[in-house]
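In what follows, a structure is listed as structure tokens, so that the remarks can point back to it.
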Amino acid sequence: MTQNITEKIATLKKEKNAMILAHNYQLPEIQDIADYVGDSLELARVSQGITQDTILLCGVYFMAEITKVLNPDKTVLMPDRHAGCPMANMITPGQLAAEKKRNPDAAVMCYVNSNADVKALSDVCCTSANGMKVAQSLSEKEVLFIPDQYLGSYVAKRLPEKKFNLWPGYCPTHMVFSKEELMKLKDKYPDAKIVAHPECRLDVQEVADTICSTSQMIKYAQENDARQFIICTELGMLHRLKKENPRKEFIPGSQNAICPNMKLTTAEKIMWSLERDEHKIEVDEETRKRALGSIERMLKIK
Ligand code: 13P
Ligand code: SF4
């Protein structure tokens, strides 16, 4: 009897002693194949407790790279090595080194959507789930926040006692949301709550009922009495929101919010990846050790 792709993946997972982690933006079929689906912070934390030899990460490059930094003795695979995050490439180590010289008293707070060589030059990392807690944990009065200006603004606005210098990076996918479009949706769905990711522009953040990470959106929808939610983040998020809240309605804040890199992972590529042990993520040991410092400092903040 021939096996279908999902069955082949299950067989290969056993043979290779592998575990599949997927980000909330992955295609529905990938989320359904995965052993664990979560936001960036959850994926990092979960990877630390994995006993299998191989971790296959379905997401974008920086997520697989964090997994390798935290698990240097494991094989970390990505089904498509071209799945990068454009925001991560908006700051280079050279640019950061120069900016640090201009801000000698500032702590460098680095959004995890960044490359390991940039994390290696940073004091602490953060995700969209813990930005406030991380910033509050810093003793420095000045913070150089890289690379996302919008997550940085979200935190800076709520911590006026600190001085923030924001790097002008952004997520192209989250740029598609606008206050004008949201107001039109609000006319149509007046009781709906607007839920926005902190990567959204400030006009969108201003009209949102809550601003949170992708997994925090699920908790908000579960705990809130509203029956309709306008979701301002990548469209892949709607799969889990609907699956875990079948009685509620989720309306996309824009039909154009698609991260093309997140959609590069397919079931076939997962199968090939496990069959061929491709594509292995490697991080140079010196960079890994220094990036580990800023990631571990974040993970210690509960
Ligand atoms: P989360 O950590 O909220 O899942 O966000 C990651 C991301 O890339 C958002 O665009
Ligand atoms: Fe990067 Fe934006 Fe895609 Fe998230 S949605 S991975 S920030 S490009």
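The values are calculated or read from the model by the stated rules, or taken from the named source; none is laboratory data. For clarity, every value in this text was computed on a predicted model and none was experimentally measured. Ideal geometry is used to build each Cβ from the backbone, glycine not excepted, and the neighbour counts take in all protein chains shown. These accessible areas exclude ligands, DNA and RNA; they are computed on the full protein's heavy atoms, side chains included. Shrake-Rupley method; radii C 1.70, N 1.55, O 1.52, S 1.80 Å.
List of remarks:
- Counting the residues of the range 52-61 that are buried (at least 24 other Cβ atoms within 10 Å of the Cβ) and either among the β-branched types (Val, Ile, Thr) or in a helix (DSSP H, G or I) (or both) gives 2.
- Verdict on Lys184 being of a type outside the set (A, V, I, L, M), in contact with a Lys or Arg (Cβ under 9 Å, 6 or more places away or on another chain) and either free of Cβ contacts under 8 Å to residues at least 40 places away in the same chain or farther than 25 Å from Asn224 by Cα (or both): no
- Within the range 69-79, considering residues that are open to solvent by 10 Å² or more (accessible area, probe 1.4 Å) and farther than 14 Å from Ile20 by Cα, the one nearest to ligand 2 (Cβ to nearest atom): Leu70
- Residues of the range 209-237 that turn out to be away from ligand 1 (no atom under 14 Å from the Cβ) and of a type in the set (A, V, I, L, M, F, W, C), as a count: 4
Residues checked against (1) surrounded by fewer than 15 Cβ atoms within 10 Å (Cβ to Cβ); (2) assigned to a loop (DSSP other than H, G, I, E, B); (3) in contact (Cβ under 8 Å) with a residue 60 or more places away in the chain:
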residue	(1), (2), (3)
Lys243	yes, no, no
Pro246	yes, yes, no
Glu268	yes, no, yes
Glu282	yes, yes, yes
Leu292	no, no, yes
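- From the list Asp191, Asp203, Asp225, the lone residue that is within 22 Å of the chain's Cα centre (by Cα) and either under 21 Å from Leu27 (Cβ atoms) or open to solvent by 10 Å² or more (accessible area, probe 1.4 Å) (or both) is Asp203.
- Cβ-Cβ distances below 8 Å connect the following pairs, each with a first residue in the range 28-40 that is under 15 Å from Lys8 (Cα atoms) and away from ligand 2 (no atom under 16 Å from the Cβ), a second residue that is open to solvent by 70 Å² or more (accessible area, probe 1.4 Å) and not aromatic (Phe, Trp, Tyr), and a separation of six or more residues or different chains: Ile33/Thr6.
- Qualifying residue in the range 250-257 (condition: part of a loop (DSSP other than H, G, I, E, B), away from ligand 2 (no atom under 14 Å from the Cβ) and more than 21 Å from Asp32 (Cα to Cα)): yes
- When residues in the range 96-128 are screened for being among the polar types (S, T, N, Q), touching a residue at least 60 places away in the same chain (Cβ under 8 Å) and open to solvent by 10 Å² or more (accessible area, probe 1.4 Å), 4 of them pass.
- For the range 129-156, a residue qualifies if it is open to solvent by 30 Å² or more (accessible area, probe 1.4 Å), within 25 Å of Glu42 (Cβ to Cβ) and away from ligand 2 (no atom under 16 Å from the Cβ), and the qualifying residues are Met132, Lys133, Gln136, Ser137.
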